[in-house]
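Please read the structure below before turning to the comments.
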Amino acid sequence: MSKSKNKFYVVWVGKKPGIYKTWKDAQGQIMGFPNAKYKAFKTLEEAKSAFNGSPKDHIKSKVGKNKVLKVSRHFNIEKNSISVDAACSGNPGIMEYRGVHTTTREELFHMGPFHDGTNNVGEFLALVQALAFLKKLDKPTIKIYSDSRTAMAWVRNKKVKTTLKKSPANERLFELMEKAIKWLMENEPKNEVLKWDTKNWGEIPADFGRK
């Protein structure tokens, strides 16, 4: 997903922490940097204030790298739905994905960042993780929303059709895709997966807000 040219990018943890006026400049500071911390702000004043503070005060929705929120079987999801989405800077590029409660937007799981990934791969992994997440909670009636027809088809066909080339940087992603396919083969998902109507409903709640 592309970044807005009117935003200011704060890099707290990266090659050279600071405030950057373009996503391209900010991306250069986080690309390949382990556990980079960054966020976009609408005004320079907000960016300056954030940079002088702690990233924890501004990245509250993230539960951490490659972590899943522990939820009891009695977790109440109003309107019976979870929304998933992925974000990728470049193609391939740095990718991450997550699942949120559609109504409250509470983050249920957030994975990444991964290197040399694609948006389609992230969307697919997010869908499978949501299905596994709900199966573990024994919530077969909860619906899952995705704005990716490609990812939905991969899940439906239990097959990934990606042009992404395997490399040392994205080896972990290929391992996750293999595990996801194996899970789909060994389980029969009962949760309904629906297409999010972006045109009429706006951005999906799990969107990373980087447009």
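Some notes on this structure:
- Angle of helix 171-186 to the longest C-alpha principal axis of the chain, folded into 0 to 90 degrees and rounded to 10: 20°.
- Rounded FRET efficiency, nearest 0.05, which uses the C-beta distance separating E45 from K158 and R0 of 41 Å: 0.25
- Taking the accessible area of the chain, probe 1.4 Å, and keeping the other protein chains in place, the carbon and sulfur fraction comes to 50%.
- Calculated FRET efficiency for the pair K166/D25, C-beta based, R₀ 35 Å, to 0.05: 0.75
- You can think of it this way: the chain between E175 and L137 has 11.3 nm of extra reach, that is 0.36 nm per residue less the Cα-Cα gap.
- The range 109-211: C-alpha gyration tensor shape, a/c 1.5 cut-off, then a/b vs b/c: oblate
- From helices alone, the chain scores -9000 deg cm²/dmol at 222 nm; the rule is -39500 (n - 2.57) for each run of n ≥ 4 DSSP H residues, then divide by the residue total.
- Å² per residue, accessible surface of the range 89-211 at 1.4 Å: 50
- GNM flexibility winner over the chain from M185, M152, M177 (Cα, springs under 10 Å): M185
The values are calculated or read from the model by the stated rules, or taken from the named source; none is laboratory data. If you're wondering where the values come from, they're calculated on a predicted model, not measured in any experiment. We place every Cβ from the backbone using ideal geometry, glycine too, and count neighbours over all the protein chains shown. We work out accessible area using only protein heavy atoms, side chains counted, and drop any ligands, DNA or RNA first. Shrake-Rupley method; radii C 1.70, N 1.55, O 1.52, S 1.80 Å.
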